[in-house]
Each structure stands twice: as C-alpha cells, then as structure tokens.
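Please read the structure below before turning to the comments.
The values are calculated or read from the model by the stated rules, or taken from the named source; none is laboratory data. Model, not experiment: these values are computed from the prediction. In this analysis, Cβ positions are derived from the backbone assuming ideal geometry, glycine residues included, and neighbour counts consider all displayed protein chains. Heads up: the accessible areas ignore ligands, DNA and RNA and are worked out on the full protein's heavy atoms, side chains in. Shrake-Rupley method; radii C 1.70, N 1.55, O 1.52, S 1.80 Å.
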Amino acid sequence: MIDMKKFFSIFICLALLLVTTSALAKSVTVTGEGATAAEAENDALRRAVENTLGVLIDSSTLVEKNTVIQDQIYTQSRGFVTDYRITNRQQVGGIWQVTINAEVDDNPNSKLMSELTRLGIINTQLRNPKIAVYVPETHIQSRIPDPAGETAIVQALIQAGFSQVTEVGSRLNFSNPMRMTASEMTAAAQKLGVDIMIVGEAFSDGLGDAAQWLPGNRASNIMSARARVEAKMFIVRTGQIIAADGKLGSGMDNSQAVAAKKALAKAGQLMGEYFVEQLTGLYTNQQNVEVVVYAASFQKINMVQSAIGQVRGVKSCNLSSYEGGKAVFTVGYSGSPQTLFQQIQANTNADLNLQSISYNILTISVR
C-alpha cells in the first residue's frame, strides 16, 4: 500500500522545486525556421535568448553592441537556455518551423548575465542603479517647507546600499506625478540621467489636539497629524512600471507642522522600505557577492567577517574557503560591492585596502 503521507511530502517538494526553478528563469514561447528541423530548433533557441535580451537591455545598447551580441551571445544560445520543450514541428513550403517553450535563466548569477557583464553589455549599474525620487507634498492646513516623505524614501534606499540616489526637487514640475505617462517618465529619467524613477505624491492633514480622542476630552497641547505617501517605480531600460503602493503614517508634537512632518516621514519610510524590497528582489536578492580577503592572520580575517555581518542589507556571510592567508566569503547582500566595501571599512578598525572590484567579486587585503 502507498504511504500517502510520504507521497504528499514528495509531491510538495517537487512542486516547490518547480516553482523555485520557474522563478529564476524567464519562460518564452518562440518559433524558429531553417532548412532542416535541427536548424529550425537552433534558430528557436536563438530567438528565445533574443527575446530575453529585449527585456534586459535597452534598444540603443542592442544596436550599439549588435556585432558582439551576434558573435558572442546568439552563437551560444543553447548554453543560456536551461530547459525547453518542443511544442510544434512542421514543414511549410520546404522550410522547417519549430516552436519551443524555453526557460532562459536571466537571474543575476546566471551564465547569461555573467557573459553580458564580461562583454560590457551590462555593467555594475544593475547592482547599484541611479535612482531619482520625485514625491512633492501637499499640506491641507499650511505650507511646510522641505519634503519629509520624499527625504525618508531617499534615506531608506541609501541605508539599504543604493548609493546613487537623488531627490529631484524643483528640476521637474508636474501637478500630479502619479499620472505621469511612461513617455513622460522616460523623458524625465533621461533628463536626470537615471536608471529608475520613483514618482508620487504625499499628503498631510492636522488632526488637532491628540487628547481629544481620549476619555474626558482634556487639552494636552500635543498636536497630532496623519499622512499618506503614494508612489510608483519606473524602470527606464524596460519601460515598465514594476511597483506601486501607498503608505500611511501618523505623528505627534506640540507643533502641528512638526507633527505633520513626522507623519510624512513615517509614511515615506514605509514607502522607501517597500521599494527597497522591490529593488532587491529585482536586482540583488538572488545573487551573492564573493568577498576575497587576504590577511597575514586568521584573526584579521575574523575581524573582516564580523564587520561584514554588521552591514545593513547583508543576509548571510559564509566562509567558502581558506588557504595560505586567503579567505573567500559568499555574502548575500542587497547592495553594490562598492557600498559593501565602504560599510565594511566603517565597521572595523582594521587597515583595509581595496584590491579590485567587479560585478559580483570584491577583493580586499588587511594589513
């Protein structure tokens, strides 16, 4: 008799494996053509990779790097497709047509992404994109200078390791940023020279004395306020809005204006943390940084490992190997290697020297 408990356990494990695999690859259905069935199949594989590159890389780069992509990427298409299934094979007028459903691995650690990085087609901006934040504020009771919600979003991004973040301020002028079209955001992003646009609106309203909501209705001279920040994130290279949400915040102070600022800052912080989650999932959460450390003693290597563990955004730090004064750590990090090195320096008194830095490898020495 079949052990049903064991059967369902195996079934669930297989289902989770399938979900995990599909999450790490782009699924595309394409049709290739050729003089033979084999040629048509190879053409379909090439088209699957070509389809994926159309999402990863902007059109101007595809044109500029066309020769390199043709020679170095498309000729190796079979190596970038993790799995595929032929759904149709037919001969029409002497030409073979083969339709496939293919899985192209485009996660940051994939062979395809590594090759695109090596060839200079995709660079480290993938890990540390330039981000512009434009969230003007409206205050129902009075005008309050300096956008607290926008500043809180910027701070959340910087604290997560995204170092190329800027507040737009008066450089753009839209009465309703949330209604900006894709073409308007593309034009704004090009004007600002950024890879990502975060645009939105923030509102605050004073609620009066905080004690009015308590039994007895006594005056406390502590003012309360509420705020809402709404924003969306636009990826320039794909032309897509990939995230949008709204967050609420509240604040109290003996000044109504300061209470409103506190409420806006809280809502902005929540909005910033939301975008950090979206960005780390898009760019960095799936990949690791390899940190190579050269030191005369294992004690100094321990100091570096301890400093890595204190960096905000580091999810794991594992010693992969150690031999002859060289330690290799695999670090799960939601930021750029440049920012990781800066944060390691800030967390230790050890004398660190940056040896080299690349897409996902950071090499340092300790004196």
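Worth pointing out:
- Scan of segment 156-175 for residues that are under 24 Å from the mean Cα position of the chain (by Cα), surrounded by fewer than 22 Cβ atoms within 10 Å (Cβ to Cβ) and of a type outside the set (A, V, I, L, M, F, W, C), ordered by number: GLN159, SER163, GLN164, THR166, GLU167, GLY169
- Only one of GLN164, GLN141 that is closer than 30 Å to ASP205 by Cα, modelled with pLDDT under 85 and not β-branched (Val, Ile, Thr): GLN141
- Some residue of segment 95-110 being aromatic (Phe, Trp, Tyr), under 28 Å from the mean Cα position of the chain (by Cα) and either in a strand (DSSP E or B) or modelled with pLDDT of 90 or more (or both): no
- Members of segment 145-165 that are over 14 Å from TYR134 (Cα atoms), in contact (Cβ under 8 Å) with a residue 24 or more places away in the chain and part of a loop (DSSP other than H, G, I, E, B): ALA160, GLY161, PHE162, SER163, GLN164
- Condition check for ALA296: open to solvent by less than 20 Å² (accessible area, probe 1.4 Å) and modelled with pLDDT of 85 or more: no
- Answer from GLY332, GLY246 - the residue that is small (Gly, Ala, Ser), open to solvent by less than 40 Å² (accessible area, probe 1.4 Å), under 23 Å from ALA156 (Cα atoms) and at pLDDT 90 or above: GLY246
- Checking each residue in segment 196-238 for being modelled with pLDDT under 75 and closer than 30 Å to THR52 by Cβ picks out ARG237, THR238.
- Exactly one residue out of LEU319, LEU264 is modelled with pLDDT of 90 or more and outside any helix (DSSP H, G or I): that is LEU319.
- Residue in segment 200-212 that is in contact with a strand residue (DSSP E or B) (Cβ under 9 Å, 6 or more places away or on another chain), in a loop (DSSP other than H, G, I, E, B), buried (at least 18 other Cβ atoms within 10 Å of the Cβ) and not polar (S, T, N, Q) present: no
- Scanning segment 301-316 for residues that are within 17 Å of ALA346 (Cβ to Cβ) and at pLDDT 80 or above turns up MET303, VAL304, GLN305, SER306, ALA307, ILE308, GLY309, GLN310, VAL311, VAL314.
- Residues in segment 225-243 that are under 30 Å from SER183 (Cβ atoms) and open to solvent by 60 Å² or more (accessible area, probe 1.4 Å): ARG228, ARG237, GLN240, ILE241, ILE242.
- Failed criterion for VAL49 (all others in (1) of a type outside the set (Lys, Arg); (2) under 17 Å from GLN97 (Cβ atoms); (3) surrounded by 18 or more Cβ atoms within 10 Å (Cβ to Cβ); (4) within 25 Å of the chain's Cα centre (by Cα) hold): (2)
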